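Notes follow once the structure below has been shown.
The values are calculated or read from the model by the stated rules, or taken from the named source; none is laboratory data. Just so we're clear, the structure is a prediction, and the values are computed from it rather than from any experiment. Neighbour counts run over all protein chains shown; Cβ positions are idealised from the backbone, glycine included.
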Amino acid sequence: MAGRRVFFSATACSFLLAACAQYTPLPLATSAPLASSLTEQNTKSGVLAPLTVPQVVALALERNPDLRALRARHGIAQSQLLQAGVLPNPSLSGSFLPLLSGIGSVPAWTISLTQDIKPLITYRSKVRGAEYSAQQVDAEILWQEWLIAGQARQLAVDLIEGARTRPLLEQEYELLSRRNAILQNALVAGNVTLVTAAPTLVALQAARTSLDALDQRQLHSQHQLNALLGLAPSAMLPLASSVDLPPFDPDAIRAQLASLPDRRPDMLALRLGYAAQDEAVHEQILAQFPDLVLGANANSDNARVINGGPQATIGLPIFDRNQGNVAIARATRAQLNAAYSARLAAVTGEVGGLLREMEQLSAQLAVVRTDLPAARLAATRAAAAFGASNLDERSYVDLLTNSFTKEQEVMSLELALLDRQVALQTLVGADLPSVDTLSPMASDRTAQQ
């Protein structure tokens with residue numbers, strides 16, 4: 001019999017230990033998790049194929065270190081949801097009082113089992129609030145994916161357009177460099193004056209400054225893009241020679257502007273946060289119910305007299321009626337309501353402002369493109385006239401520089417338009433993960449508000 005008791009006791013302890021969580025260490029990284037290059041993508045030569053803008057966006061969503069860390073919040077939110085759904089444990093208490101002196105004949109004992117009722121009253125509101133909070137985290141993660149994707153798209157566009165602009169700046173610099181070398185030799189020989197040579201030298205210095213500034217921007221953008229993709233700063237990332245963006249329809253964006261808050265993850269996150277806080281208000285109101293503990297107990301005194309029956313403990317709401325927590329919950333809900341209204345106004349203003357900026361840039365680009373053929377023709381005629389000694393050095397350099405300036409102005413306006421388009425398509429989620437990827441509960445809740 002004793003052996004069986006020992007066996008059953010050991011088995012019960014084993015089951016209890018198995019139900020407990022076990023500790024396992026999770027060491028921190030000892031080196032920066034930055035790759036030196038991307039894995040070759042099905043290339044027989046071992047050379048990475050040039051990446052299009054959509055491919056860069058896909059890589060950013062897959063490899064971005066910040067997104068990887070942020071996605072861990074999903075597990076935290078789900079764990080908090082699990083904890084919110086756990087019912088409170090009942091309490092078991094007992095005592096054993098050996099007989100020390102007196103007329104009694106046996107030790108006294110007492111045992112009681114109680115359950116706190118108040119957590120059961122607020123249980124449903126607490127669980128619903130945790131569900132909305134978990135969905136809010138998922139919506140916030142999705143919004144960060146939009147922002148990271150938009151940033152990667154922006155950097156890729158800037159790098160591709162910068163690579164297109166560089167040959168023009170190189171051409172201007174090389175042409176002016178050759179002219180300046182000729183003039184400097186002539187100046188040393190005394191064949192020209194400083195007044196004649198100065199305009200070319202000034203234009204050459206300006207061309208070098210523009211070329212250096214472009215190289216600085218390109219290197220900075222390359223480092224930023226590498227960081228987004230989890231690559232080391234020195235990693236080489238070949239990009240396609242042309243920009244490939246999602247289809248752009250300003251009229252469709254204007255027509256759908258009123259429904260944009262229903263498609264933006266940040267707006268959905270705010271709605272879910274508001275829904276969670278609304279449940280918190282409900283929970284705190286229910287928590288005004290007095291503390292109530294129900295149970296049963298039994299006891300035996302030293303004379304073997306056994307008593308038993310129900311037990312109840314109720315708190316008297318004389319001073320603390322949970323009025324402070326109710327006020328805090330309501331004030332927080334009011335703040336979230338105001339924050340949502342502010343974001344709603346900002347969403348409409350951001351998109352509307354970018355559309356107007358694009359209209360302005362398009363009009364300016366049309367004017368500059370109209371002027372460009374005349375500037376090119378003037379530069380061509382100036383070169384011919386200068387070769388025939390029918391035009392002075394200063395006028396030749398001015399007309400040549402004006403042609404290059406117009407070319408750069410066209411490219412600058414085109415890049416500005418592309419930048420606005422990328423920003424706008426990020427805000428409306430063009431070719432980005434949709435809020436439909438979230439669970440139906442989020443859509444159902446926001447549809448009710």
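What the table shows:
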item	result
Boolean, LEU377 is more than 28 Å from the chain's Cα centre (by Cα), surrounded by fewer than 16 Cβ atoms within 10 Å (Cβ to Cβ) and not polar (S, T, N, Q)	yes
Whichever residue in segment 290-331 is among the basic types (Lys, Arg) and under 55 Å from the mean Cα position of the chain (by Cα) and, among such residues, is nearest to PRO98 (Cα to Cα)	ARG321
Subset of segment 153-178 [closer than 17 Å to LEU417 by Cα and of a type in the set (S, T, N, Q)]	GLN154, THR165
Selection within segment 332-350 - under 24 Å from the mean Cα position of the chain (by Cα) and small (Gly, Ala, Ser)	ALA338, ALA339, SER341, ALA342, ALA345, ALA346, GLY349
Residue check for PHE386: free of Cβ contacts under 8 Å to residues at least 24 places away in the same chain and of a type in the set (Phe, Trp, Tyr)	yes
Close pairs (7 angstrom Cβ cut-off, 6 or more residues apart or separate chains): of a type in the set (S, T, N, Q) in segment 334-361, surrounded by 12 or more Cβ atoms within 10 Å (Cβ to Cβ) anywhere	ASN337/TYR274; THR348/LEU257
Residue within segment 245-256 that is under 28 Å from ARG164 (Cβ atoms), touching a Gly at 6+ places or on another chain (Cβ under 9 Å) and either among the charged types (D, E, K, R) or modelled with pLDDT of 95 or more (or both) present	no
Residue match in segment 87-100 (condition: small (Gly, Ala, Ser) and closer than 25 Å to VAL435 by Cα)	no
Residue that is surrounded by the fewest Cβ atoms within 10 Å (Cβ to Cβ), among those in segment 197-231 that are hydroxyl-bearing (Ser, Thr, Tyr) and more than 30 Å from GLN144 (Cα to Cα)	THR209
Residue in segment 196-219 that is in a loop (DSSP other than H, G, I, E, B) and on the phi < 0 side of the Ramachandran plot present	no
Which listed residue is of a type outside the set (Asp, Glu), surrounded by fewer than 16 Cβ atoms within 10 Å (Cβ to Cβ) and out of contact with any Phe, Trp or Tyr (no Cβ under 9 Å at 6 or more places or on another chain), from LEU155, LEU183, LEU194	LEU194
Residue match in segment 299-318 (condition: surrounded by 12 or more Cβ atoms within 10 Å (Cβ to Cβ) and in a helix (DSSP H, G or I))	no
Yes/no for ILE121 being β-branched (Val, Ile, Thr), in contact with a helix residue (DSSP H, G or I) (Cβ under 7 Å, 6 or more places away or on another chain) and modelled with pLDDT of 90 or more	yes
